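The values are calculated or read from the model by the stated rules, or taken from the named source; none is laboratory data. What you see is a predicted model; the values in this text were computed from it and never measured. Cβ placement follows ideal geometry from the backbone for every residue including glycine, while neighbour counts extend to all protein chains displayed.
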Amino acid sequence: MKYLMWLLKAAIFFTLFAFALNNQQDATVHFFFGTQWRAPLVLVVLAAFTLGVMAGVLGMVPRWWKHRSAARKHQDQAAQQPAAQAAPPQAPVAPPPSVDEHEPPHGI
């Protein structure tokens, strides 16, 4: 399994390396007010990917903070309760429903 993972990583690396070698021609990105950026195409693609990842991470930060603060509040509440109150009483477990051998299961 370890060798398979190394083989997969090597295949991904060589594929990306070949992509970079095949896309060395200059590309021009036109911004507002006549501003432009000239760079190799592979750098333009890498920059666009990086900006997309950063936008996704920044979009998720408020939700991460919300979940982190909720988990911290829950952890503080659990630490303040005594151990006897923290464990709810066990409810009786119902037996599984019986299956008729002559009737096929639903969905088949």
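Annotation note: Cβ proximity below 8 Å between a residue of segment 1-26 that is within 20 Å of LEU41 (Cβ to Cβ) and a residue that is β-branched (Val, Ile, Thr) and surrounded by 10 or more Cβ atoms within 10 Å (Cβ to Cβ) (sequence gap 6+ or interchain) occurs for PHE19/VAL42; ALA20/VAL42; ASN23/VAL42; ASN23/VAL45; GLN24/VAL42.
Pairs are defined by a Cβ separation below 6 Å, a sequence spacing of at least 6 or placement on different chains, a first member in segment 38-54 that is of a type in the set (D, E, K, R), and a second member that is at pLDDT 85 or above; the pairs so defined are ARG38/ASP26; ARG38/THR28.
Quick check on my filter: what residues within segment 1-54 are surrounded by 12 or more Cβ atoms within 10 Å (Cβ to Cβ) and in a strand (DSSP E or B)? If the condition is that a residue be surrounded by 12 or more Cβ atoms within 10 Å (Cβ to Cβ) and in a strand (DSSP E or B), then ALA27, VAL29, TRP37, ALA39, PRO40 are the ones that fit.
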